[in-house]
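Asker: Here it is, the structure in full.
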Amino acid sequence: MAVSAGQEPGDELVPAGFRLRPDPGARTLAGGTVITGGYPIRVLRLSPAGARHVAGWWAGAPVPGNPKARALARRLLDTGIAHPLLERGPAGTSEVTVVIPVRDRHAELARCLGGLAGGPRVIVVDDGSRDPAAIRSVAAAAGASVVRRPVNGGPAAARNTGLAAAGTSLVAFLDSDCVPGPGPANWLDELLPHFADPAVGAVAPRIVPHEAGRTWLARYEGASSSLDMGRRASIVRPGSRVPYVPGAALVVRRQAAGTGFAEDMLVGEDVDFVWRLGASGWRVRYEPAAAMGHQHRVRLREWFARRKDYGTSAAALELRHPGAVRPLYASAWTASAWLAAALGHPGAAAVVTGTGTALLARRLAQVTGETWPRPAGSAAWRLAARQAAGGTLAAARPLGSAISRTWWPVALPAAVAVRRLRLPLAALVLAPPLLDWLDRRPPLDPARYVAARLLDDAAYSLGVWQGCAERRTVRPLLPLLRGRDLPSRPLVRVER
């Protein structure tokens, strides 16, 4: 694998010769001159030449050397309409150093190192272990070097120590409770080809359970771990299908790492790091074709405490990245429709949704090139119905999650006080875990899955409120309403 170097993150052009594949949700309209997809959904209007390029890329043709075509390819990758189709092969591990921060977990470290035998250089960062001799012994048996931190500084400080000691162009961070498969091929072979794109600063694999769950909590974690970002590849940034990736397993371009992780954050430091990479112009990719085993927490007390810890990071992240950590993102039209429905006025909700759909269809007609007004079956109307009307119905899922993950301390007393709110609130709270169960079909019956999910949400919510109290902010408790799909990310973009 050749790692591209010498370019700044602002370089927007995709390298000539790259191949793209469409996201499963991508659609072309108007003879290929309009393309829609991504998350949140975008609508791009293409010139005839652009439409021909896209049709060729979907058929397997490489990106040509034409700068306009390369810029269009970048736009498709950045919006999530397309993903790179990369050639895999044996990983060139000479360009990679694996950094494993650890404190005291000797058995976990030995298991993690066992999966790296014969692979890249490994640096174990002993973050103030009580028995440093045991860490040195385990590392020596696996041929890994050790950097000792005399005082425990947390995962961010330990990763930064390893980053400073690594001399390669790529650094792979692995937590000690990760369990890589035998040899590097199970993950590095899938991740490293992404760095042929000079704009990519980091790539993360999918985190999966190391062992099949035996208890109800282990089976729930295996299906719904907060470390598992799902089956679909994605660009990583706030508002995308995959808004963050965990630092448990993350390969980073050293040039992109900058000052590294924020050492004043004991939780959420990996999310902050990834978002700062994106803010500085680097792309971060999630590659589920690469799987990394992980020993999940499956003891109730430890699991609940960790979920609560994750919640405490919301306030710190929101203060560092304003608008990125809110319980709900919705358009004003969607919020108005749901408020009317909750207050017992479904007719008014239907009128609001219909009006919003019509206004959006009128705006989209300018992109699809259709004259207005158009029949209800036109491309503009179909897109508007999918985005506005369909989006309003789909908002039940994030709305219910916002209630159970953040707002339940307010929603519960409201349901007790106002009888007519009880049924809609109960339906909204139960809808997300039931839909998740249908999507995932975990080896757990619906009742126990829903109970585990609600317990998960309650733990996270306690952490959010605690973090807000400690940071003296209410921003992570407030929804973000806007007229379009996402602030500063307009629905309609024109590509000529």
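Asker: What number, rounded to the nearest 500 deg cm²/dmol, is the helix-based mean residue ellipticity at 222 nm of the chain, given -39500 (n - 2.57) per DSSP H run of at least four residues and division by all its residues?
Answerer: Dividing the helical sum by the residues of the chain leaves -13000 deg cm²/dmol.
Asker: In a shell of Cβ-Cβ distance under 12 Å around residue 443, excluding residue 443 itself, what net charge do Lys and Arg (+1) and Asp and Glu (-1) give?
Answerer: +3
Asker: Residue by residue through the stretch 123-131, which ³J(HN,Hα) values in whole Hz follow from phi under the Karplus form 6.51 cos²θ - 1.76 cosθ + 1.60 (θ = phi - 60°), with glycine and proline marked x?
Answerer: These are the phi-based 3J(HN,Hα) values: 10, 9, 9, 7, 8, x, 5, 6, 10 Hz.
Asker: List the chymotrypsin sites (Phe, Trp or Tyr not before Pro) within the stretch 316-354 that DSSP assigns to loop and that have no more than 13 neighbouring Cβ atoms inside 10 Å.
Answerer: The qualifying sites: there are none.
Asker: Quick one: what does P(r) look like for the chain with 20 Å bins over all Cα pairs, in whole %?
Answerer: 21, 53, 24, 1
Asker: When only the heavy atoms of the protein chains count and the probe is 1.4 Å, how do 264, 272 rank by accessible area, highest first?
Answerer: I get 264, 272, largest accessible area first.
Asker: Placing one identical point scatterer on every Cα of the stretch 193-247 and ignoring solvent, what is log10 I(q)/I(0) from the Debye formula at q = 0.13, 0.22 Å⁻¹?
Answerer: -0.42, -0.89
Asker: Any idea what Rg and Dmax come out to for the stretch 417-456 if you just take the C-alpha atoms, in Å?
Answerer: Every Cα atom of the stretch 417-456 included, Rg and Dmax give 11.7, 38 Å.
Asker: Now, a different point. Each residue of the stretch 409-414 in order: what ³J(HN,Hα) in whole Hz does its phi give by Karplus 6.51 cos²θ - 1.76 cosθ + 1.60, θ = phi - 60°, with x for Gly and Pro?
Answerer: Result, ordered by residue: x, 9, 5, 5, x, 5 Hz.
Asker: In whole Å, what is the distance between the alpha-carbon centres of the stretch 432-460 and the stretch 270-296?
Answerer: 25 Å
Asker: Which number comes out as Rg/Rh for the stretch 222-261 once both Rg and the Kirkwood Rh are worked out on C-alpha atoms?
Answerer: On the Cα set of the stretch 222-261, Rg over Rh gives 1.01.
Asker: Could the peptides 148-155, 348-355 be put in order, highest first, of the mean number of other beta-carbon atoms found within 10 Å of their residues?
Answerer: Answer by packing, highest mean first, reads 348-355, 148-155.
Asker: Let me understand the stretch 50-180 better: what is its radius of gyration from the alpha carbons, and its Dmax, in angstrom?
Answerer: My reading of the Cα-based Rg and Dmax gives 20.6, 63 Å.
Asker: Can you work out the accessible area per residue across the chain, with the rest of the protein chains kept in place, probe 1.4 Å, in square angstrom?
Answerer: About 44 Å² of surface per residue is accessible.
Asker: Provide the packing ranking of 304-311, 288-295, 224-231, i.e. peptides ordered by the mean count of other C-beta atoms within 10 Å per residue, highest first.
Answerer: For the peptides 304-311, 288-295, 224-231, the packing ranking is 288-295, 304-311, 224-231.
Asker: Oh, and also: Quick check for me: using +1 on Lys/Arg Cβ and -1 on Asp/Glu Cβ, what's the dipole size of the stretch 1-142 about its Cα centre, in debye to the nearest 20?
Answerer: 600 debye
Asker: Here's a follow-up. At q = 0.21, 0.23, 0.33 Å⁻¹, work out log10 I(q)/I(0) for the stretch 281-329 with the Debye formula, treating every Cα as an identical point scatterer and leaving solvent out; two decimals please.
Answerer: -0.99, -0.97, -1.07
Asker: Hey, another quick one. Pull up all non-local amide H partners of residue 98: gap of 5 or more, or a different chain, and H-to-H distance under 5 Å with H placed in the peptide plane.
Answerer: Here 121, 122, 123, 172 satisfy the definition.
Asker: When each pair of different Cα atoms in the stretch 87-142 is counted once in the 1/r mean, what is the Kirkwood radius in angstroms, to one decimal?
Answerer: The answer is 12.1 Å.
Asker: Tally Lys/Arg at +1 and Asp/Glu at -1 over every other residue whose Cβ is under 12 Å from the Cβ of residue 127; what's the total?
Answerer: For residues surrounding residue 127, the net value is +2.
Asker: Could you bin all the Cα-Cα distances of the stretch 238-393 into 5 Å bins starting at 0 and give me the percent of pairs in each, rounded to whole numbers?
Answerer: Histogram of Cα-Cα distances, whole percents per bin: 1, 7, 12, 12, 12, 12, 11, 11, 10, 7, 3, 1, 0.
Asker: With Cβ to Cβ distances under 14 Å as the rule, what net charge do the other residues near residue 405 carry (K, R +1; D, E -1)?
Answerer: Net charge in that neighbourhood comes out at +2.
Asker: Determine the percent antiparallel among the DSSP beta bridges restricted to the chain, to the nearest 5.
Answerer: 40 percent
Asker: What number, in percent, do you get for the relative contact order of the chain if the mean sequence gap of Cα pairs under 8 Å and at least 6 apart is divided by its residue count?
Answerer: Dividing the mean separation by the residue count of the chain yields 17 percent.
Asker: With the Cα gyration tensor of the stretch 157-288 in hand, give its eigenvalues times 5 under a square root as the equivalent ellipsoid semi-axes, listed largest first in whole angstrom.
Answerer: Square roots of five times the eigenvalues give 24, 16, 16 Å.
Asker: Further question: Once neighbouring chains are kept in place and the probe is 1.4 Å, which whole percent of the accessible area of the stretch 196-353 is contributed by carbon and sulfur?
Answerer: After summing per-atom areas, the C and S share lands at 57 percent.
The values are calculated or read from the model by the stated rules, or taken from the named source; none is laboratory data. Being a predicted model, the structure only gives us computed values, none of them experimental. When we count neighbours, we look across all protein chains shown, and the Cβ atoms used for this are built from the backbone with ideal geometry, even at glycine. Heavy atoms of the whole protein, side chains included, go into the accessibility calculation; ligands, DNA and RNA do not. Shrake-Rupley method; radii C 1.70, N 1.55, O 1.52, S 1.80 Å.
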